[in-house]
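Structure first, then comments.
The values are calculated or read from the model by the stated rules, or taken from the named source; none is laboratory data. Treat the numbers as computed from the prediction; the structure is a model and nothing was measured. Please note: Cβ atoms are built from the backbone with ideal geometry, for glycine as well, and neighbour counts cover all protein chains shown. Surface accessibility is based on the protein's heavy atoms, side chains included, excluding ligands, DNA and RNA. Shrake-Rupley method; radii C 1.70, N 1.55, O 1.52, S 1.80 Å.
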Amino acid sequence: MRTKYLIRIAVTAGVAAGLCTTLLPDSFGRAASGRTETLRVYEKTKSIRLTKADGRVLEKLPTAETEPQAGDVLDVVFDRFTGSHVRHAKKASGTDHLRCTFVATGPPDCVSHAAFGSSMLVVEGNPGKVVLGTGKYFGATGRVVSNKEIKGAPPSSLAHNDIDVVARISLK
């Protein structure tokens, strides 16, 4: 598999967390209960680090000198912006950290912790699924509906891993 494809799979799980905390109805000062929201978020990559199974850390882009192998761990940090890469807020509305461990077969095992204010969402899998929430997101559920990589950035650029995401989130 291509490195870009594997990283995209890994990033998908983290994106769900990022968008969950970005667009929930915080403008009303509280999360809406019993509602489903369609969220649109631009995830801008801030850093990528691939830790090989032998302990070597690769941070220079492109990160992998070879394809990720079983036991390798990918860490990606994002700033999230309301909107899309074409039209988004000027100021980031949150951040998230994605960690994926590559396994011998199948997609990597990913978990993302998205912090926004005093609340957090935990998202797992591919496609990403909300499994835990704290603060105003306690009891939230949801999933990623689509994720589209931003085309045109070279592999030597962090922007090569930026993504526009749409997700459906439900609050109790």
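Does V122 satisfy the condition of being assigned to a strand (DSSP E or B) and within 17 Å of E37 (Cβ to Cβ)?
Values: assigned to a strand (DSSP E or B): yes; within 17 Å of E37 (Cβ to Cβ): no.
In short, no.
What number of residues within the range 58-110 are farther than 14 Å from V123 by Cα and part of a loop (DSSP other than H, G, I, E, B)?
Adding up the residues that qualify gives 29.
Of the residues T22, T38, which single one is in contact with a Leu (Cβ under 7 Å, 6 or more places away or on another chain), at pLDDT below 90 and either open to solvent by 10 Å² or more (accessible area, probe 1.4 Å) or among the small types (G, A, S) (or both)? Walk me through it before giving the result.
Numbers: T38 fails: in contact with a Leu (Cβ under 7 Å, 6 or more places away or on another chain).
The unique qualifying residue is T22.
Could you give me the residue pairs with C-beta distances under 9 Å whose first residue belongs to the range 80-109 and is crowded, with 18+ Cβ neighbours inside 10 Å, whose second residue is in a loop (DSSP other than H, G, I, E, B) and among the basic types (K, R) wherever it lies, and which are 6+ apart or on separate chains?
Close Cβ pairs (under 9 Å, with a partner that is in a loop (DSSP other than H, G, I, E, B) and among the basic types (K, R)) amount to F81/K90; F81/K91.
Residues to consider are G142, G133; find the one that is closer than 21 Å to Y42 by Cβ, part of a strand (DSSP E or B) and of a type in the set (G, A, S).
Checking each option against the conditions leaves just G142.
Only one of S170, S112, S118, S157 is among the hydroxyl-bearing types (S, T, Y) and open to solvent by 70 Å² or more (accessible area, probe 1.4 Å); which?
On the way: S170 fails: open to solvent by 70 Å² or more (accessible area, probe 1.4 Å); S112 fails: open to solvent by 70 Å² or more (accessible area, probe 1.4 Å); S157 fails: open to solvent by 70 Å² or more (accessible area, probe 1.4 Å).
Only one candidate qualifies: S118.
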